[in-house]
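The block underneath contains the structure these notes are about, expressed in structure tokens.
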Protein chains: 2
Amino acid sequence: MEETKESLKAKIKIQGEKVRTLKAQNADPNLVTAEVAVLLELQNLQKRQASLTGEESTVKGKNKFTLKTPKGTRDYNEKEMAVREKVFSTIISVFKKHGAVTIDTPVFELKEILAGKYGEDSKLIYDLEDQGGEKCSLRYDLTVPFARFLAINGTQYQNIKRYQIAKVYRRDQPAMTKGRLREFYQCDFDVAGVFDPMIADSEVVKIMCECLDALEIGKYTVKINHRKILDGIFQICGVPDEKIRPISSAVDKLDKLPWEEVKREMTEEKNLNPDTADRIGEYVKLKGGRELLEQLLQMQELTANKNAKSGLDDMALLFNYLEIFGVLDKILFDLSLARGLDYYTGVIYEAVTEQSRPPKLGDSMQINQNSKDFDYESTVGVGSIAAGGRYDNLVGMFASNKKGNIPCVGASIGVERVLSILLQKIELDRVKANEVEVYVIAVADGLLEDRMKICSELWNAGIKAEFMYKNKPKLQAQFSVCDRDQIPFAVIIGRDELNRGVVRIKDMRSKEQGEGGGTSVKRDEMIIELRKRLGK
Amino acid sequence: MEETKESLKAKIKIQGEKVRTLKAQNADPNLVTAEVAVLLELQNLQKRQASLTGEESTVKGKNKFTLKTPKGTRDYNEKEMAVREKVFSTIISVFKKHGAVTIDTPVFELKEILAGKYGEDSKLIYDLEDQGGEKCSLRYDLTVPFARFLAINGTQYQNIKRYQIAKVYRRDQPAMTKGRLREFYQCDFDVAGVFDPMIADSEVVKIMCECLDALEIGKYTVKINHRKILDGIFQICGVPDEKIRPISSAVDKLDKLPWEEVKREMTEEKNLNPDTADRIGEYVKLKGGRELLEQLLQMQELTANKNAKSGLDDMALLFNYLEIFGVLDKILFDLSLARGLDYYTGVIYEAVTEQSRPPKLGDSMQINQNSKDFDYESTVGVGSIAAGGRYDNLVGMFASNKKGNIPCVGASIGVERVLSILLQKIELDRVKANEVEVYVIAVADGLLEDRMKICSELWNAGIKAEFMYKNKPKLQAQFSVCDRDQIPFAVIIGRDELNRGVVRIKDMRSKEQGEGGGTSVKRDEMIIELRKRLGK
């Protein structure tokens, strides 16, 4: 369905005005970015159409390419990067506190390594062009490459705690405002190895909580469930084996859709018996704390099922350990949590914040999602901000024999979502991106070589310093840089002062104006004085 | 409710036929995907059952994938990563000392952005498969994406000092031993903006030297030349304009090939007049320090050529500034340095170490490369370990008008080569990859929950700690972990001690053997004592 040239032009005009209005209103930067992306997309469409009809030159001028990043990807400027690196280093220090190491894997894998690991989502995998040689695909997550790494190096890694923060790629429909892009960071922590039950699992949940606490993203809840309990419930309710995963993925939508919708998916799309669906509905609406576990352990049909019993026993241990680790108050045992990914085999968890959910769902877990005044369109927040679980057989899928299998448990911190929450709280413009401590300023005559000499001394002393790349810079221009870059100190030099062997050190955060002010120090005491002021 | 083996097999057959039929009918792709998912589910179920009944091998035999990373790529284990991150952080602190910020760009760009930027090497670019939508390629370097970034965001970035450390991709013939891979890190620092001449250029050279000093890779030399001087020389010698770049790239090989070979390339492959080649040969054999500059400034044919004169004037400024920055002793003015990349327009430089060159070329610059006992096959070392130059027109290639151009100067630290040099010096096995400070050990009874409690306290106090994921670990196994992971301290607990409210802290680096030794401290003074010992 082709846009007509005129309707497209009109759309571009409207979208352009929308963007201008938002900018004028100082709207949320994420929103502006998203609307700009829409505008660019429309303009690209116009260009593509123009190029088809030979009008390319008028639209593009002399350049024959479109100046943008690929759809669903974006650049990050220095201020965004400063925030991003802060978030990463916060998370990494938690991981390291728990003894984690990092590894690195290639950004693309052999296509066949990824094949059959992601179910329906496999269609979102980016393939590399066949330019001769092996067929490769961009990694879709960090878990499958990690499992592949373990399968190759298993003899050395009978156990490892590893973290990896790296980009992954999905040909999904981008939603810029929600921080959903085609290229995005994942931040994974996994423990591989054979241990006594639930110990590693509980440490992973503890680590997830420590990360979220350290990131100061506000109140959050960790929903926990167990795949074997779910499998048991499905068996008890009469779901045929081959439908367990599809039905499980329908259940997983209960945080976004009302029961009626989920039931419809089960019965109409997935051909489940309506009675079976209703029985499932009774179970998966249950949520609570430790008392729910006690309640479930009283239900004979559950404890009689091997899977359910085994899952409930795990949960009992987990509750113990999480209490010891002091994070029990964050936990919600939620039987509707299913997690989409096929490879989970044990405990699964997912952290949500207020921002993960719509305001109406916000405060109470008791809300009746079936009520008519519930607006499902507006209910999708940023989603979970951390998630994971146990996956005991994934490494085995790559191993040539049973001995090659290594059970794993892990968590992924949703760094992109965390970032989009944090970016709502801070003023990006006021973020100091560079770390310059001292700006070397000449009050007259330029004094380029003297400024260079002083900077060189500062660098050699490990002090972060800059000077203006001009022979004769204006004084005001130099002060403006200090202001713009939030540089705390200036070393100010003049011809007379240099002749007398002194320089002036000025605290640029003080409100003294103009070229005056500051403290005269002997040239050869400059470094000592600056170090003192910088607390070095 | 277990499927029988036979009923499952039958189901798989039927489902397989369903999928084939749908595909043959060109059915709705979503439907096909859904049915394929069911098929995969059934097959997975079969595999799971087979693995339970010990039939794994026959089924697995069908797994046709090769367990490896794609050609020219590799994994990095935790010890390699520890070394790598040390190198990166060393370099980044130098960059930050000079006021640099970092940005991030996508790993792939629109194909047309990269087109026409890399000359003959364009064939090495990785393309993404056309899965609908835009045509994209993996980035080949970080310079072109940076230029593209500036062209898009130019109004905000009339000047910026940025660094970027990220992976780039080239479908080159891999040479693992020399650290040449298809996926490798580049580490770039560039200064963009209009400034007075050679100031930024000299700071970039200074930064390059500071990085190499901080990395402690040993003695190195920075070869410097100027594209305009080369262009002037080629004009003076009579090289036709259209042959200047090809001849330049031949000259660039003089560090690896003898003059005869280079001359042959010029005259036979590139059809240059042999007399012209010989005249070039006279110039490009010149190398030296500041005195060479003085010598060249005396040569009338050079100063009469506009290009050469302009280049020589730049070099004079550069020598001044590099002296002020205290790095003149590292510099070698080398007229044979040409640098392959087309986009350089001014000063160019390249740092080499002993390891960059073969032993025979090692110590003396005066060696006669034409001598017969010179073994050219063995002469290729790791190559230059840092390089860069001025490129004033690259951003302009993306800009819609002249105003959009931004001149740039930069350097790239060859981190992969630096790493391969450093890895020759260290014993990788002895690198401590994790940062654990305290291991919590039980002498008897397991005491799992007590170990967990103590670890939790340590984590909450910011101390890096681990314990063994076993209910009843053996004492010797716990000691072995301390040894293997070079963990400096242990907190040792026993039932009696816990009852008395004490724990033992033991320095694991001391040579006391067995479970004895260490200092008893009150349980509630444990953190204080450990902090003291850790110097926190």
Odd one out for B:PHE108, checked against (1) more than 7 Å from every other protein chain (Cβ to nearest Cβ); (2) closer than 28 Å to B:ALA175 by Cβ: (1)
Test: residue in segment A:188-204 that is away from chain B (no Cβ under 14 Å) and part of a helix (DSSP H, G or I): no
Selected residue (criterion: nearest to A:THR69 (Cα to Cα)) from residues of segment B:111-132 that are at the interface with chain A (Cβ under 8 Å from one of its Cβ atoms) and open to solvent by 50 Å² or more (accessible area, probe 1.4 Å): B:GLU112
Set A:ASN273, A:ASN305: member being open to solvent by 50 Å² or more (accessible area, probe 1.4 Å) and of a type in the set (S, T, N, Q): A:ASN273
Any hit, segment A:488-496, residues being among the acidic types (Asp, Glu) and in contact (Cβ under 8 Å) with a residue 12 or more places away in the chain: no
Residue in segment B:133-146 that is within 7 Å of chain A (Cβ to nearest Cβ) and without any contact (Cβ under 8 Å) to a residue 12 or more places away in the chain present: yes
Subset of segment A:233-264 (residues that are hydrophobic (A, V, I, L, M, F, W, C), within 12 Å of another protein chain (Cβ to nearest Cβ) and assigned to a loop (DSSP other than H, G, I, E, B)): A:VAL239
Segment B:74-87, subset open to solvent by 30 Å² or more (accessible area, probe 1.4 Å) and under 30 Å from B:PHE325 (Cα atoms), residue nearest to the chain's Cα centre (by Cα): B:GLU85
Meets criteria (more than 27 Å from A:ILE421 (Cβ to Cβ), at pLDDT 85 or above and not polar (S, T, N, Q)) for A:GLU134: yes
Residues of segment A:442-467 classified as free of Cβ contacts under 8 Å to residues at least 24 places away in the same chain and farther than 22 Å from A:ASN499 by Cβ, total: 2
Top-ranked residue in segment A:437-455 [being of a type in the set (Asp, Glu) and within 11 Å of chain B (Cβ to nearest Cβ); ranked as surrounded by the fewest Cβ atoms within 10 Å (Cβ to Cβ)]: A:GLU449
Test for A:ILE528: is it without any contact (Cβ under 8 Å) to a residue 12 or more places away in the chain and aliphatic (A, V, I, L, M): yes
Test: residue in segment B:77-100 that is among the hydroxyl-bearing types (Ser, Thr, Tyr) and facing chain A (nearest Cβ under 7 Å): no
Leading residue by the ranking (nearest to B:LEU534 (Cα to Cα)) among those in segment B:411-436 that are touching a strand residue (DSSP E or B) at 6+ places or on another chain (Cβ under 6 Å) and within 14 Å of chain A (Cβ to nearest Cβ): B:VAL436
Residue match in segment B:178-193 (condition: out of contact with any strand residue (DSSP E or B) (no Cβ under 7 Å at 6 or more places or on another chain), among the charged types (D, E, K, R) and either buried (at least 24 other Cβ atoms within 10 Å of the Cβ) or more than 28 Å from B:GLN295 (Cβ to Cβ) (or both)): yes
All positions within segment A:456-488 that are farther than 21 Å from B:ASP201 by Cα, open to solvent by less than 10 Å² (accessible area, probe 1.4 Å) and not in a helix (DSSP H, G or I): A:ILE487
Residue within segment A:89-108 that is open to solvent by less than 50 Å² (accessible area, probe 1.4 Å), within 15 Å of the chain's Cα centre (by Cα) and under 23 Å from A:TYR344 (Cα atoms) present: no
B:ARG509 being more than 22 Å from A:SER202 (Cβ to Cβ), open to solvent by 70 Å² or more (accessible area, probe 1.4 Å), charged (D, E, K, R) and outside any helix (DSSP H, G or I): yes
Among the residues listed as B:LEU335, B:LEU341, B:LEU361, the single one being in the same structural domain as B:TRP259 (by TED's automatic domain parsing) and modelled with pLDDT of 95 or more: B:LEU335
Matching residues in segment B:167-177 - criterion: being open to solvent by 10 Å² or more (accessible area, probe 1.4 Å) and facing another protein chain (nearest Cβ under 10 Å): B:LYS167, B:ARG171
Filter pass, B:ILE233 being buried (at least 22 other Cβ atoms within 10 Å of the Cβ) and over 14 Å from B:ARG279 (Cβ atoms): no
Pair list, Cβ under 8 Å, 6 or more apart: segment A:272-285 residue assigned to a helix (DSSP H, G or I), other residue of a type in the set (D, E, K, R): A:PRO274/A:LYS263; A:ALA277/A:LYS263; A:ASP278/A:LYS263; A:GLY281/A:LYS263
Matching residues in segment A:313-332 - criterion: being in contact with a helix residue (DSSP H, G or I) (Cβ under 6 Å, 6 or more places away or on another chain) and in a helix (DSSP H, G or I): A:MET315, A:LEU318, A:PHE319, A:TYR321, A:LEU322, A:ILE324, A:LEU328, A:LYS330
Residues being small (Gly, Ala, Ser) and at pLDDT 75 or above - total across segment B:344-358: 2
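The values are calculated or read from the model by the stated rules, or taken from the named source; none is laboratory data. Everything numeric in this text was worked out from a predicted model, so none of it was measured. Note that each Cβ is placed from the backbone with ideal geometry, even for glycine, and that neighbours are counted across all protein chains shown. For accessibility, only protein heavy atoms count, side chains too; no ligands or nucleic acids. Shrake-Rupley method; radii C 1.70, N 1.55, O 1.52, S 1.80 Å.
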